[in-house]
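A.B. asks: The structure under discussion is supplied below as structure tokens; questions concerning it will follow.
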Amino acid sequence: MFDLRGEGFKFETLETFNMEELRIIPSIDLRDFNGTYAIRRAIYVGHGLESNHTYRMKAYTVPDPDTQQSVHVITEAEPLHDSIEDFELTEPVHHRLIEKFRSSDVEAHLLRVAGWQSRNVTKIKKRPDLHLAIDLVFHSVLTFNFNGEEVTKGWLEALVIGDTRCGKGYVAERLSRFYRLGETVTGENCSFAGLVGGLQKNNDHWFVTWGKIPLNDKRLVIIDEASNLTHEQIGQMSRVRSEGVAEIVKIQAERTRARTRLIWLSNPKSGKPINTYNNGVEAIMELMGNTEDVSRLDFAMTVAASEVPSRVINSPPNERDDHDDFEASDFTNLILWAWSRKPEQISFSDKATTMILDAAIRMGKSYSASIPLVQAENMRIKLAKLAAAIAVKCYSTDETGQRLIVKSRHVEFAYNFLNQLYSKPSMGYDAYSSNTLNSNQIPDEDAVIKLVRGLKQYAIPFVEGMLELTSFSVFTLADYIAADNYECREFLGRLVRLKCVGKESDREIYFKRPGFVNLLRVLREQLLKEERA
């Protein structure tokens, strides 16, 4: 407005409105599978847009007055449903899924599907367990109710670890491409910020940029070459993996949902072949670093180069032409059907529930929780999640196709499948557990008591000292039993042979076994009582 009194220009505020500066990316559903991933700067005229949500927007593009970079000015934003929410089970699709997937013979059906995928999609031979393990993660449901409790994390998370060139990446990525579902990232080129999220600075402003896992909320991410991630990076993902929530708490704090199915693919972190480990399951602990990070896996499996002979790998293709048995849309529709099921649409039969609880107790007693793939406290949930995914692959539904029904035969296969994976020679979780559980028991308590009482006046100092220490060396032992180096080593050797203590690898440090700790407590009470008498 020009002032006619000659005082120059003056300005009046005619209207005020809110503006938010955003960073926008293409939608997962709208991006072409091999399309580009570009982050754009935008200004939204309004407020209230939620992060990590999909919108249809109207905008115009202008140059930034300071930098001359393109900026999108958004005038309208309409929330959108994604392909999962928009999935509709039509009558033709329902009948097609019944025809192709419904089966009461669970094992025969799943092996038939895995064989077809091997011949027509992945070209990886004689590894039905690998195909099935990866496919079960694709077919897992988001959340459900089981035995009166809400399972908020119903989706599966699995690890495949083993030798290079065994087909881990081929099977996972080719199935993902075939289904046109899921996204693959490489641990070698990905940080915590790339997987979960981080802050970016632009013109003195900080913005949260979400990583691949939250961007694929309710979908699936394959983390290839996971051995390149550090233990610290894996540990930082604890809340994402346990609760499905991604959170950034730094200069700017924000959180979003990340209910993402995860498939971890990795070689052993040491670079050694899987069969060089005493038990392949030890490579899992080496990879993940912490027991709590291992426990968040629903299941794991190993693959070894020696499991499939070279003559089989290099054999000519199977002449049987069954290319038309399945179509890609069959699998995609089945997976989207599973991903769109709500808790009230998923039920477990009474017999299935009982079988899951019984199987969880049996597995809790059979496997050691020192590498906590199996823990008695939560094994029922892992079995329920696995059984639900198996029920999906068998399209176990009611007449309408709206409800997923988990039956006892699905639980039985889940239980047998896990035991099969964990007893593989390359895995050896069963052998490891047997050795560990046996080592926690002292086979000859009388011999241990006699050995300790033989210390005479040093028996009580030794017992109390052992109960105070978490680990010790030969020199520490000498402080309690007043013996020279040779005598201490001889005494310590007898404790080792009696399965009272163990030695940490590559170190002259020893630790007490649980059975020895319990016996020490009893001995202390006896010795102190005798001393007072």
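The values are calculated or read from the model by the stated rules, or taken from the named source; none is laboratory data. Note that this is a predicted model, so its numbers are computed, not measured. With ideal geometry, Cβ positions are generated from the backbone for all residues, glycine too; neighbour counts draw on all protein chains shown.
A.B. asks: I need the full set of residues from the stretch 171-180 which are part of a helix (DSSP H, G or I) and farther than 15 Å from LEU136 by Cβ, in order please.
C.D. replies: Selection gives GLU173, ARG174, ARG177, PHE178.
A.B. asks: Next question. Taking the stated definitions as given, is LEU132 among the aliphatic types (A, V, I, L, M) and more than 14 Å from the chain's Cα centre (by Cα)?
C.D. replies: When the stated conditions are applied, LEU132 passes them.
A.B. asks: Residues of the stretch 370-379 being touching a residue at least 24 places away in the same chain (Cβ under 8 Å) and either more than 15 Å from ASP298 (Cβ to Cβ) or outside the structural domain of VAL294 (by TED's automatic domain parsing) (or both), which ones?
C.D. replies: The one that is touching a residue at least 24 places away in the same chain (Cβ under 8 Å) and either more than 15 Å from ASP298 (Cβ to Cβ) or outside the structural domain of VAL294 (by TED's automatic domain parsing) (or both): SER370.
A.B. asks: Filter the stretch 472-487 down to the residues that are of a type in the set (A, V, I, L, M, F, W, C) and surrounded by fewer than 13 Cβ atoms within 10 Å (Cβ to Cβ) and list them by number.
C.D. replies: PHE475
A.B. asks: Separate question: With the structure loaded, tell me whether ALA300 is in contact with a strand residue (DSSP E or B) (Cβ under 7 Å, 6 or more places away or on another chain) and not in a strand (DSSP E or B) or whether it fails that test.
C.D. replies: No.
To keep it simple, each residue is scored yes or no on (1) part of a loop (DSSP other than H, G, I, E, B); (2) modelled with pLDDT of 95 or more.
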| residue | (1), (2) |
| --- | --- |
| LYS269 | yes, no |
| VAL294 | no, yes |
| VAL312 | no, no |
| SER315 | yes, no |
| GLU319 | yes, no |
| ASP324 | yes, no |
| SER329 | no, no |
| LYS351 | no, yes |
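A.B. asks: When you scan the stretch 429-472, how many residues do you find that are touching a Phe, Trp or Tyr at 6+ places or on another chain (Cβ under 8 Å) and not aromatic (Phe, Trp, Tyr)?
C.D. replies: The total comes to 12.
A.B. asks: Within the stretch 328-383, count every residue that is of a type in the set (Gly, Ala, Ser) and within 23 Å of GLY428 (Cα to Cα).
C.D. replies: Count: 8.
Yes/no matrix, rows are residues, columns are (1) without any contact (Cβ under 8 Å) to a residue 24 or more places away in the chain; (2) over 14 Å from LEU373 (Cβ atoms); (3) of a type in the set (Val, Ile, Thr); (4) assigned by TED's automatic domain parsing to the domain that holds CYS166:
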site	(1), (2), (3), (4)
PRO268	no, yes, no, yes
PRO273	no, yes, no, yes
MET288	no, no, no, yes
ASP293	no, no, no, yes
ASP298	no, no, no, yes
VAL303	no, yes, yes, yes
VAL312	no, yes, yes, no
PRO316	yes, yes, no, no
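Yes/no per residue for (1) within 15 Å of GLU525 (Cα to Cα); (2) free of Cβ contacts under 8 Å to residues at least 12 places away in the same chain; (3) not in a helix (DSSP H, G or I):
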position: LEU451; (1), (2), (3): no, no, no
position: GLN457; (1), (2), (3): no, yes, no
position: PHE462; (1), (2), (3): yes, no, no
position: MET466; (1), (2), (3): yes, no, no
position: ALA478; (1), (2), (3): no, yes, no
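A.B. asks: Moving on to the next point. Against the condition in contact with a helix residue (DSSP H, G or I) (Cβ under 9 Å, 6 or more places away or on another chain) and over 21 Å from THR332 (Cβ atoms), how does PHE101 come out, does it pass?
C.D. replies: no
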